[in-house]
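Data block below; observations after.
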Amino acid sequence: MNTRINLAGVELKNPVMTASGTFGSGMEYADFVDLNKLGAVVTKGVANVPWPGNPTPRIAEVYGGMINAVGLQNPGIDVFAGRDIPFLKKYDTKIIVNVCGKSERDYIEVVERLADEPVDLLEINISCPNVKEGGIAFGQSAANVEHITRAVKKAAKQPVIMKLSPNVTDITEMAKAAEAGGADVISLINTLTGMKIDINRQTFAVANKTGGLSGPAIKPVAVRMVYQAANAVKIPVIGMGGISTAEDALEFILAGATAVSVGTANFYNPRATLDVIEGIERYMRDKGVEDINDLIGIVK
Amino acid sequence: MKFDETAIVESQRQISDGIYDMWIMTANIAEKSFPGQFISVYTNDASRLLPRPISICETDGRRLRIVYRVVGGGTAEFSGYKAGDKIHILGPLGNGFPIDRSGASGRKAILIGGGIGIPPMLELAKRIQDDKEIVVGYRNSDTFLDRELKLYGNLTIATDDGSLGTHGTVIDAVSANKISGDVIYACGPTPMLRAVKQYALDNGIEAWLSLEERMACGIGACLACVCRSTDKDSHSMVHNKRVCKDGPVFNAAEVEL
């Protein structure tokens, strides 16, 4: 039975990775998860300099999901490269660094800084709804997506994943724009912009007013968008959005995702990634599937 | 070391209005727990995703005790658990109070708890072998844990409505009773912690405060539960310490409240 998949020439032992921002760089989860078993670890977004993030409260629970507005707090690329990459290098898993920025220059600076680091793939976050500048601003027009993709690709030594926002009218336009700009892979969906009002305090539940909705509540939207995007481009798609079980992950794979990311589920089941990997293998045995690649996008 | 356990409820009873007292049998967590640490408790309701961080009230090495207030649907679910029920918990989490493992430091301690910040004071009071004063604040005379706390030190009570002890805050009670000490350990609502910090500063007393913030992962990965810190934090170097991992107990001088 083969669970190996290929993303732009990088072979992963299985299609299961972590979603950026939900797993740190794996250090905190290593108590519960053997990182060697993961297809890849996708790190929390890192910028050229440290970012303090948003005021608290940064999160709120909603029915079947959560809203977060952490605001991409991160230590900046220098600390990250000296601490997080060497940590991940000790494990037999692929390293995907998520890159965030407020300007094209910021993204390029991080991407160039990572050129000589032992990083397998770069994921460019052009879809964070919680920062005022950059982030989602790059991800909401096809022209901007194509432009930033091309600029990043020119500077990048590693294959580039463009992480797309679901907060757009037509996801296929953004997927095609990323492909036209030279993206090697696309990943989706980032969180949906949401809001919760705290009726006792009579104010917004998160200090940023709006935040990104994630968790099981968004899964049907994510599956639909992954299906649409996968059918609009030739490059591989990484699917995510509300995956907590192997059954969820398989929906994305059948809809066209080559790989999947487990995000919010890590918060309520620290070993969710392992449960998904084991469940996919069980499904393959039960269905007599020899190669995971035979499942990708077969639901048309 | 942290453990992800499906533990067993040994007993549960209501001990005050909306306050529940649960003993849990654990494989490892109880043995490894230190006062001031907490556990993440997961609900069985899949619509409620996030674990509820609950402070550790007491441990005997095999069993863990939590005393918590029902504040929403998640804690309401926990309050319905009966002896023998399974409970999914992660812990022990956080740093705990910085007391010597031997419990003796030769310094007089003042333990201050407010409302649902009182429970962690019980295990702390048990462990500290030095001379100590315990000051607790309640809304009214519907108290909890006071009889047990009395076993471990001189207990002073303050109530918001004046129905028992000093009418006012824990700091009012400290002043009214001329309570003095060398180090303060406190847990309670932020306004109380702010007052304790000011009192400690005014009187030149070292103080350790246990903070609360909305959490998601509970282990330091998601960066949801940060607080403003004087020093650069070890994770992001931006003066945002993680309440769940760098805390929940901080030196009063190192956090802005």
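Isolated cysteines in chain B, defined as those with no second cysteine Cβ under 4.7 Å, comprise B:Cys57, B:Cys187, B:Cys225, B:Cys227, B:Cys244.
Helical content of the protein assembly as shown, expressed as a calculated mean residue ellipticity at 222 nm, amounts to -7000 deg cm²/dmol (DSSP H runs of 4 or more residues, -39,500 (n - 2.57) each, divided by residue number, nearest 500).
When the Cα convex hull of the range B:109-254 is projected onto planes of every orientation, the mean area is 8.8 nm². In this structure, the amide hydrogen of A:Leu38, modeled 1.01 Å from its nitrogen in the peptide plane, lies closer than 5 angstrom to no residue at least 5 positions away or on a different chain.
A straight Cα-to-Cα reach below 14 Å connects B:Lys108 with the aspartates and glutamates B:Asp100, B:Asp130, B:Asp131, B:Glu133, B:Asp182, B:Glu206, residues fewer than 8 places away in its own chain not being considered. The ranking of B:Val71, A:Val160, A:Val62 from fewest to most other beta carbons within 10 Å of each one's beta carbon is B:Val71, A:Val62, A:Val160. Ordered from longest to shortest, the equivalent ellipsoid semi-axes for the range B:40-131 are 29, 13, 11 Å, each the square root of 5 times a Cα gyration tensor eigenvalue.
Computed from Cα atoms alone, the Kirkwood hydrodynamic radius reported for the range A:1-138 is 15.7 Å.
For A:Lys287, a cut-off of 15 angstrom between C-alpha atoms picks up these aspartates and glutamates, skipping any fewer than 8 places away in its own chain: A:Glu247, A:Glu251, A:Glu278. With q set to 0.12 Å⁻¹, the log10 of I(q)/I(0) for the range A:146-300, from the Debye formula over equal scatterers at the Cα positions, is -0.57. Largest mean-square fluctuation among A:Gly194, A:Gly82, A:Gly242, in a Gaussian network model of chain A whose springs join Cα atoms under 10 Å apart, belongs to A:Gly82. Just so you know, the averaged projected area of the alpha carbon convex hull for the range B:91-135 sits at 3.4 nm². One Cα centroid belongs to the range B:220-257, the other to the range A:2-29; the line between them spans 29 Å. Among the listed pairs A:Lys89/A:Lys157; A:Lys196/A:Lys219; A:Lys44/A:Lys90; A:Lys13/B:Lys86; B:Lys2/B:Lys86, a Cα-Cα separation exceeding 28 Å is found for A:Lys13/B:Lys86. Note on A:Glu11 and B:Ser163: with the Förster distance fixed at 56 Å, the Cβ-Cβ geometry gives a FRET efficiency of about 0.20. In the elastic network of chain A, a GNM with C-alpha springs shorter than 10 Å, the most mobile of A:Gly101, A:Gly256, A:Gly76 is A:Gly76.
Give the separation of the Cα centroids, the range A:142-161 to the range A:255-300, in Å. So the two Cα centres are separated by 28 Å. Ratio of Rg to Rh for the range B:3-93: 0.92 [Cα atoms; Kirkwood radius as inverse mean 1/r over pairs].
For chain A, a Gaussian network of Cα nodes joined below 10 Å ranks A:Ala143, A:Ala246, A:Ala230 by mean-square fluctuation, and the top entry is A:Ala143.
Please give me, ordered by residue number, the trypsin sites (Lys or Arg not before Pro) of the range A:121-199 that lie in loop per DSSP and have at most 15 other Cβ atoms within 10 Å. Listed in order of number, the matching sites are A:Lys132, A:Lys157. A simple spin-label model places the labels of A:Gln228 and B:Ser47 2.8 nm from each other, with each point 7 Å out along Cα-to-Cβ. With a cut-off of at most 12 other beta carbons within 10 Å, and DSSP calling the residue loop, which GluC sites (Glu not before Pro) in the range A:80-164 qualify? Please list them. Here the sparse-neighbourhood loop sites are A:Glu133.
With Rh defined as the Kirkwood radius, the inverse of the mean 1/r over Cα pairs, the Rg/Rh of chain A is 0.94. Relative contact order, whole percent, for the range A:1-63 stands at 29, derived from Cα pairs under 8 Å and 6 or more residues apart.
For the peptide B:76-85, the mean number of other protein chain Cβ atoms found within 10 angstrom of a residue's Cβ is 0.
Roughly speaking, what % of Cα-Cα pairs in the protein assembly as shown are separated by over 47 Å, rounded to a whole number? Tail of the P(r) past 47 Å holds 17 percent of the pairs. Measuring nothing but how far apart in sequence close Cα pairs (under 8 Å, 6+ apart) lie, relative to its length, the range A:210-267 scores a relative contact order of 38 percent. With contacts taken as Cα pairs under 8 Å and at least 6 residues apart, the range B:96-190 reaches a relative contact order of 34 percent. The eigenvalues of the Cα gyration tensor, multiplied by 5 and square-rooted, give the range A:110-206 an equivalent ellipsoid with semi-axes of 29, 16, 10 Å from largest to smallest. Computed over chain B, the convex hull of the alpha-carbon atoms projects to a mean area of 12.9 nm².
Here, each number is a calculation from the coordinates, and none is a lab measurement. The shown structure was predicted, so the numbers you read here are calculated from the model rather than taken from an experiment. Backbone-built Cβ (ideal geometry, glycine too); neighbour counts: all protein chains shown.
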